[in-house]
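These notes concern the structure reproduced below.
Bear in mind these aren't lab numbers, they're just calculated from the coordinates by the rules spelled out. All figures in this text were calculated on a predicted structure; none of them were measured in a lab. Please note: Cβ atoms are built from the backbone with ideal geometry, for glycine as well, and neighbour counts cover all protein chains shown.
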Amino acid sequence: MKASFSPASIKVDGFTFRKAVREDAKQITLVEKNAQPAPWSEAVFVNEFDVKVSNIWVCLSGDKIVAFIVFWVVADEVHILNVAVHDDARRKGIATAFIRQLQSESERSFKTVLSLEVRASNDAAQTLYAGLGFNKIAHREAYYADNGEDAIILACIIEEPTLGSDTL
Ligand SMILES: CC(C)(COP(=O)(O)OP(=O)(O)OC[C@H]1O[C@@H](n2cnc3c(N)ncnc32)[C@H](O)[C@@H]1OP(=O)(O)O)[C@@H](O)C(=O)NCCC(=O)NCCS
């Protein structure tokens, strides 16, 4: 069964958020091609819907998908595999909103860590993650097959939810 993580309460002016369905794969792939140097194919996204631990959330402007995030929930860890925002919709807080929601859903479900890999040259994403409490935990040389670029592994420790005094 999929984790019960939900994007339903994310609020960014002018955009709506929901879990993706298989029929979204084509539009997600268009965003991916706009955003990533070595984009996943549509088949890769379609396959994610059959991966038990995988979750995809999308952000829409009207009925057009402008951003998405793919993450796996495995035991008490959450790993972000892909996040992309179409360049028409950047710097509006969409990626921040996705990750903040993932952090609060992770806390609510007693997960301990959020992790991801980022290209060493991707300053925009590294600035984003640094502002959201991620720290460098490792450096993998020649990690990316398309250009031999290094990866930085980042992690964010999830705080345990605080118990109210009435629960003690
Ligand atoms: C990285 C990416 C996901 C950011 O998405 P976004 O929705 O535009 O990010 P946000 O609006 O939430 O930005 C939050 C903060 O991150 C930092 N940031 C985001 N993009 C930045 C850029 N191009 N340059 C410098 N800082 C940037 C800023 O501090 C920004 O806050 P500010 O706008 O108030 O200055 C988006 O640029 C993207 O899709 N890039 C291509 C794909 C990619 O790199 N994915 C991540 C792979 S790990």
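Results, tabulated for the structure shown:
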| quantity | calculated |
| --- | --- |
| Restricting the range 88-163 to chymotrypsin sites (Phe, Trp or Tyr not before Pro) in coil, as DSSP defines it, with at most 12 other Cβ within 10 Å | Phe110 |
| Dipole-positive endmost among Gln103, Gly14, Ile28 within the chain (Cβ charges, Cα centre) | Gly14 |
